[in-house]
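Take a look at the structure below.
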Amino acid sequence: MNNSESGLPEPLLLQRAIASSHNGITIGRVDKGQIPLIYANPAFYRLTGYGPEDVIGKDCRLLQGTQTEQAGLTTLRAALRQGTQATVLLRNYRKDGSEFLNELTVSPVLNDSGALTHYVGVQNDVTARENAARAIAALNLSLAQRGEALQLANESLRSFSSSASHDLRAPLASIKGFCAALRKSVDAPGDSRAEHFMTRIEVNAQRMEQLIEALMELARSTASELSTAPCDLSQMAREVVEALRSASPALEVAVQIEPDLSAEGDPALLRSVLQNLLGNALKYSSKTPDAKVHFGREPGACGEPRFFVRDNGAGFDMAGAGTLFGTFQRFHAEAEFPGTGVGLATVRRIVTRHGGVVSAESAPGQGAVFYFTLGTPRG
């Protein structure tokens, strides 16, 4: 741009451009190892709180206060000795003593003979940027540490589950075995107290075995690694229902499974969700005339796919729904509908790990419907 185009003499245009900069700009003269300032723009005074009478003729190191051993100063001093450019981060202090982080760039100015005569310094207050970066770094470190702790906890849980499964099942098998041996060695009438006691031992041993398996399933729902893949939930549900019918041939419940229900998730864990929800629906509707179970999908509140398992069975009172997905929570007597009270807790953990939510609606004698969504698996 020439003088006529700018409307201002070039030196005045340059002066106004530097004065209008939002970054602090200083010019220092090289003088026997010192660089006393001969100019500072208004932004520098605003940044530091100093006035011209405080800095002109003085070295800019006055901003360092007592912090004269900073890492950035080593780089800066080397650049000044060598007459090269450098950008460093310094901890500086304003006139009132308040601290700020200064991103300083110094550039050498040479005369016509190539000799170093001055330095131009550009100061930028990056306190907010650096504090944010440090906060993010601290958060990442905390997350990494939590991840390591979670991994260790999961490994410990897997180890405990394996050990507990073996250590609990071994004495249980002994109890069942000795009870069977006792039954063979004792010729007790069917209505005797001895027969009653042996039957009770066998029934409770069987229940304990079911509880152990339910707890192991609950542990696996949290501790196992997620291995996601496209899942055909319709086919999975058909297989689950077929297995449930094989285990209970007398079960007479009409089951409707909508076609083409699919999702992304861990196949083993999603199968567990369907086993628990469909198993409960079949169980709690088994005493209902014309019992029906329906597995399908509908749009959720935000249009997301929401799967459901609906039955017209015994239902439950929603007044206690706050504990519905807790461990060992039951709404019906064991004699009426046997179970462990762990299945729905397992369902909630699996659905949560898949980034979804599970909920229920019911009323006594009017059946129940369980809804679940599947979002992005969380690992």
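Taken together, the values in this text are just the output of simple stated rules run on the coordinates, not laboratory data. From a predicted model like this one, the values you see are computed outputs, not experimental measurements. Cβ placement follows ideal geometry from the backbone for every residue including glycine, while neighbour counts extend to all protein chains displayed.
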For this session: Estimate the FRET efficiency between Thr376 and Arg238 by the formula 1/(1 + (r/R0)^6), using the beta-carbon distance for r and 25 Å for R0, to the nearest 0.05.
Result: 0.40
Seminar exercise, completed: Here the residues of region 229-256 lying in the modelled label zone of Lys292, meaning backbone nitrogen under 17 Å from a point 7 Å along Cα-to-Cβ, are 252-256
Exercise. Given the C-alpha centroids of region 99-123 and region 31-49, what is the distance between them in whole angstrom?
Worked result: 11
For this session: Can you pull the one-decimal nm distance between simple spin-label points at Thr68 and Leu14, each 7 Å off the Cα toward Cβ?
Result: 3.5
Exercise. Which FRET efficiency, nearest 0.05, do Ala128 and Lys32 yield, Cβ-Cβ r, R0 41 Å?
Worked result: 0.60
Exercise. Once both labels are modelled 7 Å past Cα along the beta-carbon direction, what's the Lys95-Leu226 spacing in nm?
Worked result: 5.8
Exercise. Taking Lys176 as the anchor, which lysines have their alpha carbon closer than 21 Å to its alpha carbon, excluding any fewer than eight residues away along the same chain?
Worked result: Lys184
Seminar exercise, completed: Note: Asp317 to Ala170 extended length (0.36 nm per residue) minus current alpha-carbon separation gives 49.0 nm
Exercise. Which length gain, in nm to one decimal place, applies between Glu258 and Gln366 when the Cα-Cα distance is subtracted from 0.36 nm times their residue separation?
Worked result: 36.7 nm
For this session: Enumerate the amide H contacts of Val293 below 5 Å, restricted to partners 5 or more residues apart or on another chain; note that Pro and chain-start residues carry no placed amide H.
Result: Ala254, Val255, Gln256
Seminar exercise, completed: With 0.36 nm assigned to each residue of separation and the Cα-Cα distance removed, Glu148 to Val109 gains 8.8 nm
For this session: Enumerate the lysines that Lys95 could reach by cross-link, defined here as Cα to Cα under 20 Å, with residues fewer than 8 away along the same chain left out.
Result: Lys58
Seminar exercise, completed: Any lysines whose Cα falls less than 28 Å from that of Lys292, other than same-chain ones fewer than 8 residues away, would be Lys283
Exercise. So what are the ³J(HN,Hα) numbers for region 37-42, from phi and the Karplus equation (6.51, -1.76, 1.60; θ = phi - 60°), rounded to whole Hz, Gly and Pro as x?
Worked result: 6, 10, 7, 8, 7, x
Exercise. Nearest 0.05, what FRET efficiency do Gln85 and Ala137 give at R0 = 30 Å with Cβ-Cβ as r?
Worked result: 0.60
Problem set entry | Size of electric dipole in region 1-119: Cβ of Lys, Arg +1 and of Asp, Glu -1, about Cα centre, debye, nearest 20 | 260
